[in-house]
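Report on one structure; see the data block that follows.
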Amino acid sequence: MKIRDILAKGEPTLSFEVFPPKTEDKYESVEHAALEIAKLKPAFMSVTYGAGGGTSRYTVDIASRLQKEEVTPLAHLTCVSSSREKVMSVLEELKSRGIENVLALRGDIPADGQVEKDYHYASELIGDIRRSGDFCIGAACYPEGHVESANKDQDIHYLKEKVEAGCDFVTTQMFFDNNILYNYLYRIREAGVTVPVIAGIMPVTSKVQIKRICSMSGTYLPARFKAIVDRFGDNPAAMKQAGIAYATEQIIDLIANGVKGIHVYSMNKPEVAAKIRDSLSEILK
Ligand code: FAD
């Protein structure tokens, strides 16, 4: 099923994300985690794409496996480190497996700056996907602005370009203060971006994760969130519980304020996905 049709029903949706293994020996455990999450019957599940595309096979295989479990898969696809030929071959593979949803991304510029020449921005990839078949296309958006953007207006300008190139919905980068999303929604709607926006929520379950998040994306951490990390960061079980509770509260506030699409960065952790799902059982009924 196409995600745009799921979203068009206008009901709140809960979806989860998994990432593929980097090596063959980890495939089985990742597949197992994905299937456990699939048992929660989310609206859809996304499968990320390894930087550089070297593990694209695993993304397609896991997405295909989810499809067999009757969970709608969303396969991520990046372009800046790939040739057009490689992108086209992945799209053909997705088509042949009946996978209809693609999250079109540029991908991060590698540290050595080495990129392929065919693509510079996600909007070019979106155009290619649109021309290559009947896909439902998603893209990324950044409520706090993308790290490379000079300012939020410029970022929103380029977001609009992605929508005009043919994307059907956008999923946000994680954020820990819902007011940032509400403000962003106002700004993008004012700029004429009308596609559904799915809020990306990251349950932070360890101190290490927080360090990674801060170093890579400069995400704003509210004082309330920092207090949790200060108090529980050195107690893994308590940090996990508090991180899940924080994410759940964020989701409840989003739904209460009319945000329909919730995507949880569940990081191959079925137990985290299950706890969040259970805490929302009545809310999502
Ligand atoms: P773009 O939309 O191309 O934007 C990149 C930058 O260029 C922005 O600063 C934008 O403002 C600017 N820009 C855009 N168009 C133009 C233009 N025409 N001229 C000048 N500037 C322009 N990475 C992975 O490797 N694998 C994944 O599976 C993955 N999944 C993700 C899922 C989500 C929901 C999100 C939010 C991110 C994900 N990423 C993933 C990370 C993503 O690849 C990086 O954030 C990357 O740096 C930007 O990708 P993009 O598609 O947003 O790029």
Given the chain, longest segment not containing exposed loop GluC sites (Glu not before Pro) (DSSP; at most 12 other Cβ within 10 Å) | 149-281
Under the 7 Å Cα-to-Cβ spin-label approximation, residue 257 and residue 96 lie apart by a distance in nanometres of 4.6 nm
Ordered by residue, what ³J(HN,Hα) values in Hz, to whole numbers, does region 184-201 give under the Karplus form 6.51 cos²θ - 1.76 cosθ + 1.60, where θ = phi - 60° and Gly and Pro are x?
-> 5, 4, 4, 5, 6, 5, 4, 7, x, 8, 10, 5, x, 10, 9, 7, x, 10
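From largest accessible area down, sort 1, 88, 239; use a 1.4 Å probe on the protein chains.
Listed by decreasing accessible area, they come as 1, 88, 239.
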Could you provide, to the nearest whole Å², the per residue accessible area of the chain with probe 1.4 Å?
-> 47 Å²
Please name which of 166, 220, 66 has its Cα lying farthest along the dipole of region 3-279 towards the positive end, using unit charges on Cβ (Lys, Arg +1; Asp, Glu -1) and the Cα centre as origin.
-> 220
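For the chain, with only Lys/Arg (+1) and Asp/Glu (-1) charged at the beta-carbon, what is the dipole magnitude about the Cα centre, in debye rounded to 20? Numbers along the way, then the final one.
Details: 35 positive and 38 negative charges, 89 e Å.
I would put it at about 420 debye.
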Can you give me the relative contact order of the chain as a percent, contacts being Cα pairs under 8 Å and 6 or more apart?
-> 20 percent
Column: log10 I(q)/I(0), Debye, Cα scatterers of region 3-279, q = 0.07, 0.16 Å⁻¹ | -0.23, -1.40
Determine the distance separating the Cα centre of region 187-208 from the Cα centre of region 253-274; give it in Å without decimals.
-> 11 Å
Which of 125, 283, 114 sits farthest toward the positive end of the charge dipole of the chain, with +1 on the Cβ of Lys and Arg and -1 on the Cβ of Asp and Glu?
-> 283
Return the distance in nm (one decimal) between the two label points of a simple spin-label model at residue 70 and residue 130, each offset 7 Å from Cα along Cα→Cβ.
-> 3.5 nm
Counting helices only, and only those DSSP H runs with n ≥ 4, report the 222 nm mean residue ellipticity of the chain as the sum of -39,500 (n - 2.57) divided by its residues, in deg cm²/dmol to the nearest 500.
-> -14500 deg cm²/dmol
Taking a spot 7 Å from the Cα of residue 83 along the direction of its beta carbon, which residues of region 38-63 have an amide N less than 11 Å from it?
-> none
Given the options 122, 237, 273, which has the most mean-square fluctuation in a GNM of the chain, springs set between C-alpha atoms less than 10 angstrom apart?
-> 237
Going toward the positive end of the dipole of region 3-279, with +1 on Lys and Arg Cβ and -1 on Asp and Glu Cβ, which of 233, 156, 45 do you reach last?
-> 233
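Summarise the accessible area of the chain (1.4 Å probe, protein heavy atoms) by the percent that is carbon and sulfur. Kindly include the intermediate steps, with their values, before the conclusion.
Numbers: 6840 of 13470 Å².
Carbon and sulfur together cover 51 percent of it.
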Amide H proximity to residue 201 below 5 Å, modelled H, separation 5+ or other chain, gives 263, 264, 265
Using modelled backbone amide H atoms (1.01 Å from N, in-plane), which distant-in-sequence or interchain residues come within less than 5 Å of residue 103's amide H?
-> 75, 76, 77, 138
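The values are calculated or read from the model by the stated rules, or taken from the named source; none is laboratory data. For clarity, every value in this text was computed on a predicted model and none was experimentally measured. Using ideal geometry, Cβ is built from the backbone for each residue, glycine included, and neighbour counts are taken over all protein chains shown. For accessibility, only protein heavy atoms count, side chains too; no ligands or nucleic acids. Shrake-Rupley method; radii C 1.70, N 1.55, O 1.52, S 1.80 Å.
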